[in-house]
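**Student:** Have a look at the structure that comes next, please.
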2 protein chains.
Amino acid sequence: MAYTDHFSLANLPYGIASCKEHPEKAVATRLHDLVIFLADLPLECAENVKSALTKPTLNDLAAASKSELQQLRGSLKKALEDDSLIKKFGYTVSNVSLHLPISVAGFFDFSCSKDHVQNMEEAIFGKKGMPPSFLHYPVGYTGTSSSIVVSGTKVQRPLGVSMAGGSVSFGPTKAMDYELELAAIIGKPTNLGDSVALEDADDHIFGLVLLNDWSARDIQGFEMKPLGPMNGKSFCTSISPWVVPLEALEPFETVAPAKELAVSSFLSETKEKPSYDIQLEAELVRGEKSTTICKSNVSWMYWTFRDLVAQHTVNGCNLNTGDLLATGTVSGAGDDAHGCLAEMTKGGKVQIELADGSQTTYLQDGDGIRMTAYCGKGVGFGDCTGFITPSRSV
Amino acid sequence: MAYTDHFSLANLPYGIASCKEHPEKAVATRLHDLVIFLADLPLECAENVKSALTKPTLNDLAAASKSELQQLRGSLKKALEDDSLIKKFGYTVSNVSLHLPISVAGFFDFSCSKDHVQNMEEAIFGKKGMPPSFLHYPVGYTGTSSSIVVSGTKVQRPLGVSMAGGSVSFGPTKAMDYELELAAIIGKPTNLGDSVALEDADDHIFGLVLLNDWSARDIQGFEMKPLGPMNGKSFCTSISPWVVPLEALEPFETVAPAKELAVSSFLSETKEKPSYDIQLEAELVRGEKSTTICKSNVSWMYWTFRDLVAQHTVNGCNLNTGDLLATGTVSGAGDDAHGCLAEMTKGGKVQIELADGSQTTYLQDGDGIRMTAYCGKGVGFGDCTGFITPSRSV
């Protein structure tokens with residue numbers, strides 16, 4: 001069974017599941033190959049947490065306080081040390097449906113990876129460069145939350161307007177790309193006008209998910225100036241079904257790259273290890289064969305999840321439970337660490353070889369992307385997968 | 001009483017109100033100086049509409065079908081022709097609290113005014129120009145829905161990072177601006193993967209509101225490249241409390257400017273009068289005095305509300321009930337028709353004279369912006385007002 005090693009007792013992620021015996025969506029966790037509905041277990045937890053366990057999204061649970069969530073996690077771990085409970089209440093993952101874990105409030109996607117922005121400038125303009133504000137704060141854009149779907153949902157090739165060779169045309173994208181990302185799910189909200197200090201940022205993060213920011217590069221390229229991406233991305237974004245709580249990631253805390261420029265006070269980090277050592281991988285699936293196209297690591301990001309919370313709220317913008325703050329494409333310095341096809345193919349100019357013997361620049365109908373993230377010691381994210389279906393007719 | 005002439009029997013907008021006698025938020029309309037809670041009236045309407053009338057947002061009402069809404073509007077008009085009902089159920093507007101009318105799902109802001117984009121390029125780069133895609137479709141960005149507030153809510157000056165004279169600094173914005181806009185509120189939703197044809201676009205629009213897209217130009221200017229605006233706008237957006245239904249705007253339908261370039265099939269309009277003749281006005285309030293700083297008109301927009309719906313969904317992006325599709329700043333060709341201060345002051349370089357004898361480029365703490373929209377014949381939007389409060393301390 002896939003990803004068994006990602007889901008040890010040290011992980012205990014949260015998701016929303018249903019199955020024949022549990023037709024109503026409810027909060028579940030995964031242990032090895034089993035999915036366990038939390039409301040089935042004898043857990044010690046606050047009343048609001050207990051009631052959150054039967055809801056069809058994780059939002060109410062995410063809104064619980066960190067101490068309530070710690071109590072739940074402790075009690076859950078203890079319950080799952082009892083083999084008889086696992087035997088009684090565990091459902092094989094292949095017999096369970098996994099749903100969009102969160103009712104997404106806002107979706108904000110940032111530019112955390114210096115390698116990504118440099119590689120993208122090279123792909124587009126022919127030489128490495130950086131947006132003027134990149135070293136000053138995590139630059140971002142607001143994404144579209146309505147079209148966020150759970151891993152496994154088909155992704156329809158979008159129609160749009162693009163320009164090639166000076167002529168403008170309307171039709172299916174010819175540059176269907178993926179972006180390898182993680183996102184923080186916000187638990188504790190804030191009021192409009194308030195900001196979150198860097199040292200309090202983790203209190204607002206419920207957990208992390210894998211995120212694929214599907215991108216139609218030709219549509220995006222024509223619309224970007226000056227308002228940024230919109231139709232090139234708003235057609236679909238996929239996330240993993242399992243939310244890994246920050247508590248499970250603590251053993252993998254690590255340093256972030258040193259800042260190359262002094263930053264504003266609100267981004268001056270005092271935590272020694274504000275980032276995470278999380279290995280990322282993306283595969284392109286064509287026919288029966290998979291080709292690993294990227295190996296990257298969260299610890300390579302110039303900006304951390306904590307920075308995203310501080311930047312997003314410094315102007316008084318409020319956080320809602322269910323907001324997603326995503327990393328942007330997480331790339332690395334190596335040629336095997338390009339977190340999207342635009343980087344890897346130099347903007348669609350260089351073919352890449354696939355395991356089935358074919359070549360490609362961007363994604364064809366029927367192709368899939370499977371991304372995974374693994375920390376080690378039995379803690380990982382499983383996968384986030386999507387396959388491309390043909391566009392509507394024009 | 002202000003704006004009495006905006007709210008004749010020909011208007012009958014929808015809003016969310018409460019007052020001493022009606023402590024629970026519920027659906028209301030305004031007739032001249034009176035606010036009337038719809039659930040008080042003997043109305044003929046479908047069961048789902050009846051139940052929507054007691055909800056604390058307009059979302060359930062907006063999701064009703066156009067024929068259900070037409071029936072409600074007909075029945076409401078008939079009831080309000082009965083003076084005894086008005087006498088019995090009308091509350092003076094000054095004794096009523098008006099609330100955010102809609103639980104905003106997504107917020108998408110487009111660039112409909114050619115004059116605005118040309119004036120902004122002149123303000124920033126010294127000469128008029130246009131984004132490359134402007135004449136091909138309405139270019140847009142996704143805004144932040146969490147920080148949308150109702151008219152009358154104070155607007156806190158945001159903190160942020162900006163660059164001036166080559167040096168980067170963090171602090172309160174020195175370039176607090178407004179943007180004069182209208183927005184369509186989406187009623188009927190769509191499924192992910194579907195698009196809305198131009199001729200069906202009106203079916204998805206519940207009504208229009210005034211919208212002020214507050215903008216911190218220095219923060220925005222530094223962050224824009226390449227991902228578009230985010231922190232420069234996400235701190236606050238104000239909308240009017242009254243949603244004017246499309247039905248009330250039908251007498252004011254008018255032609256749109258001729259297209260200067262052939263557009264893609266999905267934007268080829270067949271309706272003769274796809275736009276609206278709606279006069280817009282903005283005043284800057286300083287101390288006791290108001291200065292009219294802009295007079296504009298919706299009919300000057302190059303792109304229409306119908307175009308926004310078609311463009312937003314052409315890639316399969318779904319609409320949700322409660323989405324806002326906004327026009328961007330609606331400017332005109334004249335010097336009295338600059339819909340934001342950045343245009344009017346050439347990017348903060350030219351002082352403008354105010355009625356109290358002072359000068360200004362951008363907004364100072366204590367200043368307010370009041371925007372109004374009026375169609376004629378007793379149909380208008382009332383106002384959308386906000387006053388600037390000092391920033392948090394750095």
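The values are calculated or read from the model by the stated rules, or taken from the named source; none is laboratory data. No experiment lies behind these values; they were computed from the predicted model shown. Note that we place each Cβ from the backbone using ideal geometry, even for glycine, and neighbour counts take in every protein chain shown. With ligands, DNA and RNA removed, areas are computed over all heavy atoms of the protein, side chains included. Shrake-Rupley method; radii C 1.70, N 1.55, O 1.52, S 1.80 Å.
**Student:** Can you give the charge dipole size of the protein assembly as shown about its Cα centre, rounded to the nearest 20 debye, using +1 on the beta carbon of Lys and Arg and -1 on the beta carbon of Asp and Glu?
**Tutor:** Result for the protein assembly as shown is approximately 140 debye, rounded to the nearest 20.
**Student:** Identify all lysines with a Cα-Cα distance to A:LYS188 below 17 Å; exclude those on the same chain that are fewer than 8 residues away in sequence.
**Tutor:** Candidates past the 8-residue exclusion: A:LYS66.
**Student:** Continuing with the same structure: Over the Cα atoms of the stretch B:170-228, what Rg and Dmax result, in angstrom?
**Tutor:** Using the Cα atoms of the stretch B:170-228, the pair Rg, Dmax is 17.0, 48 Å.
**Student:** Okay, next question. So if the hydrodynamic radius of the stretch A:277-319 is defined as the Kirkwood radius over C-alpha pairs, what does Stokes-Einstein give as its diffusion coefficient at 10 °C and 1.306 mPa s, in µm² per second?
**Tutor:** In µm²/s, the coefficient rounds to 121.
**Student:** Taking every pair of alpha-carbon atoms in the stretch B:107-389, give the share separated by more than 24 Å as a whole percent.
**Tutor:** On the way: 18855 of 39903 pairs.
Tail fraction, whole percent: 47.
**Student:** Give the whole-number value, in cubic angstrom per residue, of the convex hull volume spanned by the C-alpha atoms of the stretch B:331-394.
**Tutor:** Expressed per residue, the convex hull around the Cα atoms of the stretch B:331-394 is 135 Å³.
**Student:** Using modelled backbone amide H atoms (1.01 Å from N, in-plane), which distant-in-sequence or interchain residues come within less than 5 Å of B:VAL139's amide H?
**Tutor:** Those lying under 5 Å, H to H, from B:VAL139 are B:SER111.
**Student:** Sticking with this structure for a sec: Need one value for B:256-267: mean number of C-beta atoms belonging to other chains within 10 Å of its residues' C-beta atoms. Present the calculation step by step, with values, prior to reporting the outcome.
**Tutor:** Working: counts 0, 0, 0, 0, 0, 1, 1, 3, 8, 2, 5, 2.
What the average comes to for B:256-267 is 2.
**Student:** Please compute the average number of Cβ atoms from other chains found within 10 Å of each residue's Cβ in peptide B:133-145.
**Tutor:** What the average comes to for B:133-145 is 6.
**Student:** Something else about it: DSSP loop (so not H, G, I, E, B), at most 10 other Cβ within 10 Å: list which trypsin sites (Lys or Arg not before Pro) in the stretch A:97-191 pass both filters.
**Tutor:** Details: sites: A:LYS114, A:LYS127, A:LYS128, A:LYS154, A:LYS174; in loops: A:LYS127, A:LYS128, A:LYS154, A:LYS174.
Those that pass, being in a loop and sparsely packed, are A:LYS127.
**Student:** While we're on this one: Taking each residue in A:20-26, count the Cβ atoms of any other chain within 10 Å of its Cβ, then average. What number comes out?
**Tutor:** Mean partner-chain Cβ count within 10 Å for A:20-26: 0.
**Student:** Rolling a 1.4 Å sphere over the protein heavy atoms, what is the accessible area per residue of the stretch B:8-104, to the nearest Å²?
**Tutor:** Value returned for the stretch B:8-104: 45 Å² of accessible area per residue.
**Student:** Now for a different question. By Cβ position, which chain A residue lies least far from the axis that rotates chain A onto chain B, and what is the distance to the nearest whole angstrom?
**Tutor:** So the chain A residue sitting closest to the axis is A:GLY228, 1.
**Student:** Using θ = phi - 60° and the Karplus curve 6.51 cos²θ - 1.76 cosθ + 1.60, what whole-Hz ³J(HN,Hα) does each residue of the stretch A:203-212 get, with Gly and Pro shown as x?
**Tutor:** Karplus-based 3J(HN,Hα) across the stretch A:203-212 equals 4, 9, 9, 6, x, 10, 10, 6, 9, 10 Hz.
**Student:** Once the label point is set 7 Å along the Cα-to-beta-carbon vector, what list of distances in nm do you get between B:GLY376 and its counterparts in the other copies?
**Tutor:** 7.4
**Student:** Tell me what chain B gives for mean residue ellipticity at 222 nm when only DSSP H runs of n ≥ 4 count, each as -39,500 (n - 2.57), the sum divided by the residue total, rounded to 500 deg cm²/dmol.
**Tutor:** -4500 deg cm²/dmol
**Student:** Moving on. Under a 5 Å amide H to amide H cut-off, with H placed in plane at 1.01 Å, what residues pair with B:ILE148 once short-range neighbours are removed?
**Tutor:** B:THR237
**Student:** Same structure again: Which value does Rg/Rh take for the stretch A:4-99 over its C-alpha atoms, Rh per Kirkwood?
**Tutor:** We get a ratio of 0.93 for the stretch A:4-99.
**Student:** Starting from the amide H of B:LYS55, placed 1.01 Å from N in the peptide plane, find each other amide H under 5 Å away whose residue is 5 or more places distant or on another chain.
**Tutor:** Distant-sequence amide H within range of B:LYS55: B:VAL27.
**Student:** Sorted from shortest, what are the nm distances separating the label point of B:ASP335 from equivalent points in the other copies, each placed 7 Å from Cα along Cα to C-beta?
**Tutor:** The answer, with the shortest distance listed first, is 6.1 nm.
**Student:** For the stretch B:328-337, take each phi angle, set θ = phi - 60°, evaluate the Karplus expression 6.51 cos²θ - 1.76 cosθ + 1.60, and give the result in whole Hz per residue in order, putting x for glycine and proline.
**Tutor:** x, 4, 9, 10, x, 7, x, 5, 8, 10
**Student:** Given points 7 Å out from each Cα along the Cα-Cβ axis, report the B:ASP356 to B:LYS259 separation in nanometres with one decimal.
**Tutor:** In this crude label model, B:ASP356 to B:LYS259 measures out at 4.8 nm.
**Student:** Which entries in the list A:LYS349/B:LYS225; A:LYS50/A:LYS78; A:LYS77/A:LYS271; A:LYS259/A:LYS377; A:LYS55/A:LYS78; B:LYS127/B:LYS349 go over 20 Å, if you measure between the two C-alpha atoms of each?
**Tutor:** A:LYS349/B:LYS225; A:LYS77/A:LYS271; A:LYS259/A:LYS377; A:LYS55/A:LYS78, as the Cα separations exceed 20 Å there.
**Student:** Shifting gears a bit: Roughly how far apart, in whole Å, are the Cα centres of the stretch A:312-332 and the stretch A:34-65?
**Tutor:** First find each Cα centre; the distance between them is then 25 Å.
**Student:** Mind listing the label-point distances from B:GLN70 to the same position on all other copies, shortest first, one decimal in nm, points 7 Å along Cα→Cβ?
**Tutor:** In ascending order, 6.1 nm.
**Student:** May I have the convex hull volume per residue, in Å³, for the Cα set of the stretch B:151-266?
**Tutor:** It is 184 Å³ per residue.
**Student:** Once the other residues with Cβ under 15 Å from the Cβ of B:LYS50 are scored (Lys, Arg +1; Asp, Glu -1), what is the net sum?
**Tutor:** Local charge sum for B:LYS50: -3.
**Student:** Which residue, A:GLY143, A:GLY316, A:GLY368, tops the fluctuation ranking in a GNM of chain A built on C-alpha contacts under 10 Å?
**Tutor:** A:GLY316
**Student:** Something else now. Which whole-number value in Å³ per residue fits the convex hull of the alpha carbons of the stretch B:271-351?
**Tutor:** Given the Cα convex hull of the stretch B:271-351, per-residue volume reads 147 Å³.
**Student:** Next question, about the same structure. Can you tell me the order of B:296-307, B:329-340, A:156-167 when each peptide is scored by its average per-residue count of other Cβ atoms within 10 angstrom, highest first?
**Tutor:** B:296-307, B:329-340, A:156-167
**Student:** Separate question: For the pair A:ASP200 and A:LYS154, how long in nm is the line joining their label points, each one 7 Å along Cα→Cβ?
**Tutor:** 4.7
**Student:** Give a residue-ordered list of calculated ³J(HN,Hα) values for the stretch A:145-151 (Karplus: 6.51 cos²θ - 1.76 cosθ + 1.60, θ = phi - 60°; whole Hz; x for Gly, Pro).
**Tutor:** Whole-Hz 3J(HN,Hα) from phi for the stretch A:145-151: 7, 5, 9, 8, 10, 7, 2.
**Student:** What Kirkwood hydrodynamic radius do you get for the protein assembly as shown when you take the inverse of the mean 1/r over all pairs of distinct Cα atoms, in Å? Present the calculation step by step, with values, prior to reporting the outcome.
**Tutor:** Values: mean 1/r = 0.0367 Å⁻¹.
Evaluated on the protein assembly as shown, it is 27.2 Å.
**Student:** Mind ordering B:102-113, A:272-283 by average Cβ neighbours within 10 Å, highest first?
**Tutor:** B:102-113, A:272-283
**Student:** Another question about this same structure. Tell me the Kirkwood hydrodynamic radius of the stretch B:20-60 in angstroms, computed as one over the mean inverse distance between distinct C-alpha pairs.
**Tutor:** Kirkwood hydrodynamic radius for the stretch B:20-60: 10.9 Å.
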